[in-house]
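Please read the structure below before turning to the comments.
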Amino acid sequence: MGHHVLPGNPPIELTLRRSGRARRISLRISGIDGRVTLTLPSHVSDGEGLSFAQEKSSWLRKNLTRKPALEVVGIGTELAVEGQNLTIVQGSAARVTKDESLLYVPGPPERTAARVLGWLKARARDRLASASDHCAAQIGRHYSRLTLRDTRSRWGSCTHDGNLMYSWRLILAPPDVLDYVAAHEVAHLVEMNHSSNFWSIVNGLHPGYDKPRRWLRDHGAELHRYKFDADRD
């Protein structure tokens, strides 16, 4: 794997990877963070792959411009939390609180982003734990632990020893989307693959999963447009 830059206006950063299973050169733009990956079969040289990417540079630039612009979180920022639109305003209480349309954040403005981030992560943990517990009970399985990260390549994962990981940014998506991702990962407690049996389990846990799955594909990148100055995994 290597990193290259295609010249032009603007230059395009891309990651080159090789795959013994790939039959042809392919380009992929991540729907989450806009990263460009150039995948090459074993027999294709780096130069041939980069020439292919250069030929597709107009297509790449066109699609990269669709990536949402970053927005630094602070007083006045609008967030959609579990499908509810909230505007961040100065609060006077001891902790972050909300009503139907406002999110009240106390303390100095320079700490607003950090306080909102902490509130979102706590809310995400509660919701994801509840959704995971519900799904696990339905299939008679148990998971080992649940962790939150700010992942760039996936919304969740399940390890062979039953550890669940989720992106805390799912709390910024509609509730149905968060519930689908929980069902998806809990289903891996039974099937560590994406076979037809796996998708049957997902459908049993979350009927009509195609709709939230499509939402993530179409709108998932928007959840990463918010920048928190205390942003960490």
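The values are calculated or read from the model by the stated rules, or taken from the named source; none is laboratory data. None of the values given here were measured: they were computed from a predicted structure. Positions of Cβ are generated from backbone atoms using ideal geometry, with glycine treated the same way; all protein chains shown enter the neighbour counts. With ligands, DNA and RNA removed, areas are computed over all heavy atoms of the protein, side chains included. Shrake-Rupley method; radii C 1.70, N 1.55, O 1.52, S 1.80 Å.
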If each DSSP helix of 4+ residues adds -39,500 (n - 2.57) and the sum is divided by the residues in the chain, what number results at 222 nm, nearest 500 deg cm²/dmol? -11000 deg cm²/dmol
Quickly rank 173-184, 15-26 as a protection proxy: mean count of other C-beta atoms within 10 Å, highest first. 173-184, 15-26
Only Lys, Arg (+1) and Asp, Glu (-1) charged, at Cβ; the stretch 150-233 dipole about Cα centre in debye: 260
Apply the Karplus curve 6.51 cos²θ - 1.76 cosθ + 1.60, θ = phi - 60°, to the phi angles in the stretch 166-171 and return the couplings in whole Hz, x for Gly and Pro. 9, 7, 5, 5, 4, 5
Surface per residue (accessible, 1.4 Å probe) for the chain, Å²: 56
In the chain, with Lys and Arg counted as +1 and Asp and Glu as -1 at Cβ, which of these residues, 4, 63, 77, has the Cα nearest the positive end of the dipole, that is, farthest along it? 4
How large a share of the accessible area of the stretch 141-233, in percent, is made up of carbon and sulfur atoms when the probe is 1.4 Å and the other protein chains stay in place? 43
For residue 23 and residue 149, calculate 0.36 nm times their separation in residues minus their Cα-Cα distance, and state this gained length in nm to one decimal. 42.0 nm
